[in-house]
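Reviewing the structure listed below.
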Amino acid sequence: MKRASGIGLAVSFAVIIPSGGILAAHASSGMELITPQQQLEQRCDVEAMTRLNADKVIAYTFEDPVYSDHSVTAPGAAFRRKQKWFRLSYNCLTDPDHQKVVKFELEVGKQVPRSSWDQYYLYP
C-alpha cells in the first residue's frame, strides 16, 4: 500500500453469504452474550426482516411484546423498508435454544406517517 503525504489508505471488505445473507450470519454472532428473552426477540426480529425484506424491525414500538419460554407475540411491532416505517404484528415460536424459528406468522399494517416518527422514536 502506497502512502501519499503521510496519509494511509484503509480498505474494508464485506462478505456476502448466499441464502440467508448477511443478516443470518450477523444474527448468529454474539447470541450467547444476551439473555434468553433477548435471543428470542432478536431471532424473531431477524426472521421478520428476512421475510419482509426490511432493514429494521422493532418488536415494542406501539405495544409491549408478550413472551413465553420459546415464543414472542409482538402485536405492536414496526418495520422499516426503503426508509418507510410500517406497523407489524407477529407471532414467533423458536426451538429451545432460540436458534431456529419453528413457526412464524405476521400481519403487515399501515404505513406510519412521517409526522408520527418522533413520537415512536422511529428514524429514517
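Each reported figure results from applying straightforward, stated rules to the coordinates on display, with no laboratory input. All values reported here derive from a predicted model rather than from experimental measurement. Quick reminder, even Gly has a Cβ in these numbers, built from the backbone with ideal geometry, and neighbours come from all protein chains shown.
Taking region 21-120, how many lysine pairs are there with alpha carbons less than 20 Å apart, if each pair must be eight or more places apart or span two chains?
6
For Ser68, Ser89, Ser115, what ranking results if the residue with the fewest other Cβ atoms within 10 Å of its Cβ goes first?
Working: Ser68 10, Ser89 16, Ser115 7.
The most exposed by this proxy come first: Ser115, Ser68, Ser89.
When the Karplus curve 6.51 cos²θ - 1.76 cosθ + 1.60 is applied with θ = phi - 60°, which whole-Hz ³J(HN,Hα) does each residue of region 110-121 get, with x for Gly and Pro?
Listing the rounded values in order: 6, 5, 7, x, 4, 5, 9, 4, 4, 4, 10, 6 Hz.
Given the C-alpha centroids of region 58-92 and region 98-124, what is the distance between them in whole angstrom?
Spelled out, the Cα-based centre of one part sits 5 Å from the other.
Can you run phi through the Karplus equation (6.51, -1.76, 1.60; θ = phi - 60°) for region 48-58 and list ³J(HN,Hα) in whole Hz, with x for Gly and Pro?
These are the phi-based 3J(HN,Hα) values: 5, 4, 5, 5, 9, 6, 9, 9, 7, 10, 10 Hz.
Calculate I(q)/I(0) for region 21-120 by the Debye formula, one identical point scatterer on each C-alpha and no solvent, and give its log10 at q = 0.10, 0.18, 0.23, 0.24 Å⁻¹ to two decimals.
Evaluating at q = 0.10, 0.18, 0.23, 0.24 Å⁻¹ gives log10 I(q)/I(0) of -0.25, -0.80, -1.22, -1.30.
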